[in-house]
Amino acid sequence: MGKQFDHIADDHRAFIEAQHMFFSGSAAPDGKVNISPKGMDSLRILGPNRIVWRNLTGSGNETAGHLALHPRMTLMWCGFEARPMIMRTYGTAKTLHPRDAEFDALNALFPETFAARQIYDMQVDMLQTSCGYAVPFFEHQGPRDVLTKWAENKGSDGIQTYWEDRNQHTLDGLPTHILAPNSPDAPT
């Protein structure tokens, strides 16, 4: 039932843009595989083989640590409402932090926030669709504002402290490089 494509076609793009959430998957050569749900206004398709998505500050920072060792990434969308579909994009991605030159231009594609932690710039090698016949129906009731309020309560300085205290390493102890290159978590 699955079909593979070498790019994101117009129909694929329409499906992706209609979804309210997606899942990101990454893994280092060893250790835990990370699958993370993403919502909010955090993803843009910039071409037939390019997707960028913005990662806001959160409890874990697995993707950044994984991509530092191996750039592979998978994104997945499920048709929870009308159209039964599972769609995955496979490819490689690079991590951009606020200190990186390309970050500001890509960050400007999204609503303003000081809590943007990374932007992932993904080159899509393959897109796969499958039926999604077993995916249950869910009705979208709206976005949550909990993460936004949490970040606003912390403030810019509080977010920086959170990065220092909670976002420097993955669950397996890999550095995420969230801080400047001369910081303790920077590669040697």
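The values are calculated or read from the model by the stated rules, or taken from the named source; none is laboratory data. Note that the structure is a prediction, hence the values are computed from the model and not measured. Ideal geometry is used to build each Cβ from the backbone, glycine not excepted, and the neighbour counts take in all protein chains shown. With ligands, DNA and RNA removed, areas are computed over all heavy atoms of the protein, side chains included. Shrake-Rupley method; radii C 1.70, N 1.55, O 1.52, S 1.80 Å.
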What number goes with the only condition from (1) surrounded by 18 or more Cβ atoms within 10 Å (Cβ to Cβ); (2) on the phi > 0 side of the Ramachandran plot that His66 does not pass?
-> (2)
If the Cβ limit is 9 Å and pairs must be 6+ apart or interchain, which residue in segment 157-172 that is part of a strand (DSSP E or B) pairs with which residue that is surrounded by 14 or more Cβ atoms within 10 Å (Cβ to Cβ) and at pLDDT below 95?
-> His169/Asp185
Only one of these is open to solvent by less than 70 Å² (accessible area, probe 1.4 Å), in contact with a Gly (Cβ under 6 Å, 6 or more places away or on another chain) and among the hydroxyl-bearing types (Ser, Thr, Tyr): Thr57, Thr74, Thr92. Name it.
-> Thr74
Test result for Arg13, under 27 Å from Leu147 (Cα atoms), touching a residue at least 12 places away in the same chain (Cβ under 8 Å) and open to solvent by 30 Å² or more (accessible area, probe 1.4 Å) = yes
Could you tell me whether any residue of segment 147-155 is at pLDDT 95 or above, under 15 Å from the mean Cα position of the chain (by Cα) and of a type in the set (S, T, N, Q)?
-> no
Ile16: part of a helix (DSSP H, G or I), modelled with pLDDT of 95 or more and aliphatic (A, V, I, L, M), yes or no?
-> yes
Please verify whether segment 42-62 includes one or more residues that are within 25 Å of Tyr133 (Cβ to Cβ) and at pLDDT below 95.
-> no
Sole miss for Phe110 among (1) in a loop (DSSP other than H, G, I, E, B); (2) under 23 Å from Thr170 (Cβ atoms) is condition (2)
